[in-house]
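These notes are about the structure you will find just below.
The values are calculated or read from the model by the stated rules, or taken from the named source; none is laboratory data. Owing to the predicted nature of the structure, the values given are computational and were not obtained by experimental measurement. Positions of Cβ are generated from backbone atoms using ideal geometry, with glycine treated the same way; all protein chains shown enter the neighbour counts. Heavy atoms of the whole protein, side chains included, go into the accessibility calculation; ligands, DNA and RNA do not. Shrake-Rupley method; radii C 1.70, N 1.55, O 1.52, S 1.80 Å.
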2 protein chains.
Amino acid sequence: MPPSHPPANSSLESALQTLRDHQARVTEPRRAILTILTSEHGPFTVEEIYQRIEKGVCDLVTVYRSLAAMEEINLVRRCDFGDGAYRYEFNTGDHHHHHIICRTCRSVKTLDFCVADSLERMARQLGYENVTHTLEIFGVCVNCQKKAARAGGPNPAVPG
Amino acid sequence: MPPSHPPANSSLESALQTLRDHQARVTEPRRAILTILTSEHGPFTVEEIYQRIEKGVCDLVTVYRSLAAMEEINLVRRCDFGDGAYRYEFNTGDHHHHHIICRTCRSVKTLDFCVADSLERMARQLGYENVTHTLEIFGVCVNCQKKAARAGGPNPAVPG
DNA sequence: CCGCCAAATGCAATTTAATTGCATTAATAT
DNA sequence: ATATTAATGCAATTAAATTGCATTTGGCGG
């Protein structure tokens, strides 16, 4: 019987290789963070990532620093849902995508395409370099609409 | 001679009317904030707005609260340039636009059109209500590229 | 014009995300 | 194995934003 291998996770492996390619070290905390980000759908706040890491593996500040380092080499992307905490997701690199965030329950729907490529192109034509963008769509999802309707009833403001 | 009027600023006047329409009071701080936002091109951080207000007119926390109130009735829009401080700009309402932010000097270029209308429409078709979006483009502007070239020189890493 | 009342404000304290300094640990090259 | 230095842990700190509560004030009715 050959030695058992960890479950194949090519995203994780290539992410670790990307670290090496940038002279960044592959450490246990970074491996843990990337394992989460490559296996679970994000994006997650730093706190959320930290809580998913086996307790004791690393400090919260290490998650901050690791993510910052990973963002610099485009391993992860930072999103802003406008609620005061940045979120991170694994950067697949090839295909950009967008999110629709429910402004009530914070659920996230992923749209697997990007409308802003043309804008980035335009920015480059205007002379900008190193162009990126952030685009988030906000709304109230169907579930939350229903809940609101139930809670408020047909005549919300009229007592008795 | 008729009594002198303050300089006509229809944006300001209609903004104040919007406040009244929402049963919000027209106070001196709010007038000051809206005067700034309707006359100067933003977006500005809360701190920046506060510093532009004549000293003593109001407290910083009032600027926070006023802007929050104004955002709720869509008088202003909040943007995120990803540097830890939200920025606000007057919401013209009719025509959405985008920004290109230099990630070095933070200069802002305004693009007077919007590519995300189609995305908002799609979100609505997916059942979302109250749909909005944020889209910011980041890059390094031509000026900062030149400065970097001068500072670094043709052989940045090679001393003497 | 005067007074009422809720909305808005000022001030101080607080919360929370994120950052920094520094001593220690550990990953990688030799 | 050893050296080098990036990465980490811990504690303290920064800075944006929020909250509580007493006070003020805008806009209303009389």
Quote the accessible area belonging to A:D117 in square angstrom, nearest 10, computed with a 1.4 Å probe and with ligands, DNA and RNA left uncounted. 70 Å²
Only helices counted: for the protein assembly as shown, with every DSSP H run of 4 or more residues adding -39500 (n - 2.57) and the sum spread over all residues, [θ] at 222 nm is -12000 deg cm²/dmol
Taking only Cα atoms of the protein assembly as shown, what ratio of Rg to Rh do you get with Rh as the Kirkwood inverse-distance radius? 1.03
Protein-protein interface of segment B:106-120, residues with accessible area decrease of at least 50 Å², isolated chain reference, 1.4 Å probe: B:V115, B:L119
With a cut-off of 14 Å, note down the residues of segment B:48-86 whose backbone N falls inside the zone around a label point 7 Å from the Cα of B:H41 toward its beta carbon. none
Take every DSSP beta bridge whose two residues both sit in segment B:95-154, then give the antiparallel share in percent to the nearest 5. 50 percent
Could you give the distance between the Cα centres of segment B:44-80 and segment B:118-149, to the whole Å? 23 Å
In the B-A interface, the accessible area buried, summed over both sides, Å² (probe 1.4 Å): 3000 Å²
How much accessible surface does B:D21 have with a 1.4 Å probe, in Å² rounded to 10? 90 Å²
Just to be sure I understand: of the beta bridges DSSP finds with both ends in chain A, what percent are antiparallel, rounded to 5? 75 percent
Segment A:95-154, relative contact order in percent, only Cα pairs under 8 angstrom and at least six apart counted: 39 percent
At 1.4 Å probe radius, can you tell me the per residue accessible area of segment A:10-94 in Å²? 56 Å²
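When the accessible area of chain A is computed with all protein chains present and a 1.4 Å probe, what percentage of it is carbon and sulfur?
Within chain A, the accessible surface is 50 percent carbon and sulfur.
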